[in-house]
Amino acid sequence: DSRRQQYQGKVNTIGTGYAYSMGAIVVQAGDRRSMGRLSTMMLHGGTWILTGDADKIFRDYQKLAVHYETMISELFATRSGKHDAKWWRELIYSGHDRFLTAQECLDLGLVDDLLDDSPASPERPPS
């Protein structure tokens with residue numbers, strides 16, 4: 001947050017359609033976070049593909065996994081202002097994909113407002 005405060009411009013992020021996986025994290029970067037009323041967000045634990053020396057992989061992966069889970073959980077706790085990092089860790093790293101409606105995202109503090117998704121009326125050509 002301190003880096004965001006040093007930047008003088010304002011960043012607005014808008015999630016429309018699907019804000020899945022890393023998209024949910026990108027939405028959190030906005031000073032003002034909006035989401036279409038018919039949009040969805042999905043949170044889940046990471047997927048890893050590892051190759052190399054077994055001892056190194058298991059040792060390094062464990063450190064990286066703990067670091068990543070801590071960082072993501074703290075991000076959602078800080079940006080949402082609701083629930084602590086432990087709560088977010090349990091939600092995100094439960095082993096299940098968590099699909100959230102726009103209203104659920106608003107209630108959880110993952111977005112600041114919802115946008116109207118209704119299609120604009122088609123304009124009629126002049127007669």
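The values are calculated or read from the model by the stated rules, or taken from the named source; none is laboratory data. This structure is a prediction, so every number in the text was calculated from the model and none was measured. Cβ: placed from backbone, ideal geometry, glycine included. Neighbour counts: every protein chain shown. The accessibility values were calculated without ligands, DNA or RNA, using every heavy atom of the protein model including side chains. Shrake-Rupley method; radii C 1.70, N 1.55, O 1.52, S 1.80 Å.
Overall, the chain carries a charge dipole of about 240 debye about its Cα centre when +1 sits on the Cβ of Lys and Arg and -1 on the Cβ of Asp and Glu, all other atoms neutral.
Bridgeable lysines around Lys10 (alpha carbons under 23 Å apart, same-chain partners fewer than 8 residues away excluded): Lys82.
If you roll a 1.4 Å probe over the stretch 46-109 with all protein chains in place, what percent of the accessible area is carbon or sulfur? Roughly 56 percent of what the probe reaches on the stretch 46-109 is carbon or sulfur. Expressed to the nearest 5 percent, the antiparallel share of DSSP beta bridges inside the chain is 30 percent. With all protein chains kept in place, the per residue accessible area of the chain amounts to 70 square angstrom at a probe of 1.4 angstrom. Under the convention that each Lys and Arg Cβ holds +1 and each Asp and Glu Cβ holds -1, the size of the dipole of the stretch 30-102 around its Cα centre is about 360 debye.
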